[in-house]
Amino acid sequence: MGSINVDYIVHNKRLPVLGETVFGDSLSMAIGGKGAIQIGAVARLGVPTCFLSMMGELDPNLPLLKEDLAWAGVNCERIGMAKDMFCGSAFVLVEQGGGNAISIVHAADRAVTPAYVEQNRDAIRDAKVVMTEFMPPMETCEYAMKMAKEYGAVTIVNPAPVKEIPESFYQYIDIITPNESEAAGYCGFEVDDEKSAAEACAFFHGKGVRNVVITLGERGAFASDGKRAEMIEAYKVKAVDTTGAGDSFNAGLAVGIWKEKDLFTAARFANAVSSVSVQRKGSFRSIPTYEEVARVFAL
């Protein structure tokens, strides 16, 4: 469950500093939204999907969005159409080294409501793994994860962007996957190495979350199941565009869990997925197939 955006992507030699104007090298448009990229990557990795999301009926880019989802093989039967609304937008600046800055505007993703989730209860009932990010309203995210736990699914929560998580929500989270800046936002201290990542994991364990995976960019990811903790090194590649790296990682993790692998094996596979995706431009069309990832790490 998650968002569908239209991404406007500008490639620059470097990102501008505050108050500076720079010339971009190229401009492109593509499907975006954390939910769309995550579900697209899961589908490209060969796992059956069902996407709970909303598009805006007024958006002139609907054909582009539908084409990209079809390319990835996403099951779009449950996607709703929000009346008198556009899809959300993301404005993405990417520098030569692959770093990026993103500004997002909410729209149809706000129409992903608990009532909409309830209408699609059977989809969650039949799911083995249910994943969400925080672009939809928080009450909807909690409602969906609670429902998923009622039916025995494994729940994965990518808590981005950072929002206050109700204490009642944590009990419905099997695996939480913040990056280092998001972990810092929740824990209240900087997360930039193994020691601080372990402390951040302890914070989430203290909230009742059994499994925590903190992504640390080019260094990899730190995973903990409350008994075992491990730094999982990233694959060394030359990054071209890191815009969708975290979403590709989350998709790989979900696929690993769907294949009934342990947390640490799933996280290694997720690193492999991300390592392939960052070597290409774009956040969606850069998504690799399982065969491409298997050359790096096979489940």
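The values are calculated or read from the model by the stated rules, or taken from the named source; none is laboratory data. Please read all numbers here as calculations on a predicted model, not as lab measurements. Neighbour counts run over all protein chains shown; Cβ positions are idealised from the backbone, glycine included. When the accessible area is computed, the model is the full protein with side chains, heavy atoms only, and any ligands, DNA or RNA have been set aside. Shrake-Rupley method; radii C 1.70, N 1.55, O 1.52, S 1.80 Å.
Which count do you get for residues in the stretch 194-218 that are at pLDDT below 95 and charged (D, E, K, R)?
1
Looking at Ser89, Ser103, which is the one that is polar (S, T, N, Q), in a strand (DSSP E or B) and surrounded by fewer than 17 Cβ atoms within 10 Å (Cβ to Cβ)? Spell out how you get there, then give the answer.
On the way: Ser89 fails: surrounded by fewer than 17 Cβ atoms within 10 Å (Cβ to Cβ).
None of the other options fit; the residue is Ser103.
Only one of Glu139, Glu150 is out of contact with any Phe, Trp or Tyr (no Cβ under 8 Å at 6 or more places or on another chain), open to solvent by 10 Å² or more (accessible area, probe 1.4 Å), without any contact (Cβ under 8 Å) to a residue 60 or more places away in the chain and closer than 22 Å to Gly33 by Cβ; which?
Glu139
List the helices (runs of 4 or more DSSP H) that sit entirely inside the stretch 239-299 and contain at least 3 residues that are within 21 Å of Ala30 (Cα to Cα) and under 18 Å from the mean Cα position of the chain (by Cα).
In the stretch 239-299, 245-258, 263-277 are the helices (runs of 4 or more DSSP H) which contain 3 or more residues that are within 21 Å of Ala30 (Cα to Cα) and under 18 Å from the mean Cα position of the chain (by Cα).
Determine which single condition Pro136 fails, assuming it passes every other condition in (1) in a strand (DSSP E or B); (2) in contact with a Gly (Cβ under 8 Å, 6 or more places away or on another chain).
Of (1) in a strand (DSSP E or B); (2) in contact with a Gly (Cβ under 8 Å, 6 or more places away or on another chain), only one is false for Pro136: (1).
Tell me whether the stretch 223-242 contains one or more residues that are open to solvent by 30 Å² or more (accessible area, probe 1.4 Å) and closer than 22 Å to Gly2 by Cα.
yes
Quick one: count up the residues across the stretch 25-49 that are assigned to a loop (DSSP other than H, G, I, E, B), free of Cβ contacts under 8 Å to residues at least 60 places away in the same chain and of a type outside the set (S, T, N, Q).
2
Somewhere in the stretch 200-220, is a residue open to solvent by 50 Å² or more (accessible area, probe 1.4 Å), of a type in the set (Gly, Ala, Ser), under 20 Å from Pro161 (Cβ atoms) and part of a loop (DSSP other than H, G, I, E, B)?
There is no residue in the stretch 200-220 that is open to solvent by 50 Å² or more (accessible area, probe 1.4 Å), of a type in the set (Gly, Ala, Ser), under 20 Å from Pro161 (Cβ atoms) and part of a loop (DSSP other than H, G, I, E, B).
Determine, yes or no, whether Thr132 is open to solvent by less than 40 Å² (accessible area, probe 1.4 Å) and touching a Pro at 6+ places or on another chain (Cβ under 6 Å).
no
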